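**Student:** Mind having a look at this structure? Questions to follow.
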Amino acid sequence: MSPRLKIALWMALIGIGAAVLGFGAARFLKTPPVATPVATAEFALRDLAGKTHGLADWRGKVVLLNFWATWCPPCRREIPLFIELQRQHEKQGLQIVGIAVDNPEAVARYWQEKHITTPC
């Protein structure tokens, strides 16, 4: 495994760990009021083809959400690393999902030009 890929994997694991710890601390420190109704909502987004995807689509997998944009140089550098990470660990249950915060036409061009294989 290349050093850059190892760094990307460690960064992802640290981010996930921090999120889990933060969520756990928030749940432990804040007790909801007794009469508060519980709302459930599915996290869902549309891909470039217009198909809606939700987290339920990848139930049982480790999902890494990557927020990116075509105009973001660090994003452009990390996308090939994420593609390789997905390729290497897909069979172990990893699913990387790119969430582009950009113009849909620019994203579609870049996605096709760079042969991005993760959902976008």
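**Student:** Looking at (1) surrounded by 14 or more Cβ atoms within 10 Å (Cβ to Cβ); (2) modelled with pLDDT under 90, which is the only condition Leu85 fails?
**Tutor:** (2)
**Student:** If you take the residues of region 88-120 that are assigned to a helix (DSSP H, G or I) and in contact (Cβ under 8 Å) with a residue 60 or more places away in the chain, which of them is surrounded by the most Cβ atoms within 10 Å (Cβ to Cβ)? Give the derivation first.
**Tutor:** As a first pass, look at region 88-120 and keep what is assigned to a helix (DSSP H, G or I): 88-92, 104-113.
If we keep only those that are in contact (Cβ under 8 Å) with a residue 60 or more places away in the chain too, we end up with 88, 108, 111.
Values: Gln88: 13, Ala108: 15, Trp111: 19.
Of everything passing the filter in region 88-120, Trp111 is surrounded by the most Cβ atoms within 10 Å (Cβ to Cβ).
Table: residues versus (1) surrounded by 12 or more Cβ atoms within 10 Å (Cβ to Cβ); (2) in contact with an Asp or Glu (Cβ under 7 Å, 6 or more places away or on another chain); (3) under 20 Å from Ala106 (Cα atoms).
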site	(1), (2), (3)
Leu45	yes, no, yes
Lys51	no, no, yes
Pro73	no, no, yes
Leu81	yes, no, no
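**Student:** Please verify whether Glu78 is touching a strand residue (DSSP E or B) at 6+ places or on another chain (Cβ under 8 Å) and at pLDDT 90 or above, treating the condition exactly as stated.
**Tutor:** yes
**Student:** Within the set of pairs 6+ apart or on separate chains, which have a first residue in region 34-62 that is of a type in the set (Lys, Arg), a second that is part of a loop (DSSP other than H, G, I, E, B) and at pLDDT 85 or above, and C-beta atoms under 9 Å apart?
**Tutor:** Lys61/Gly93
The values are calculated or read from the model by the stated rules, or taken from the named source; none is laboratory data. This is a predicted model, so every value here is computed, not measured. Note that each Cβ is placed from the backbone with ideal geometry, even for glycine, and that neighbours are counted across all protein chains shown.
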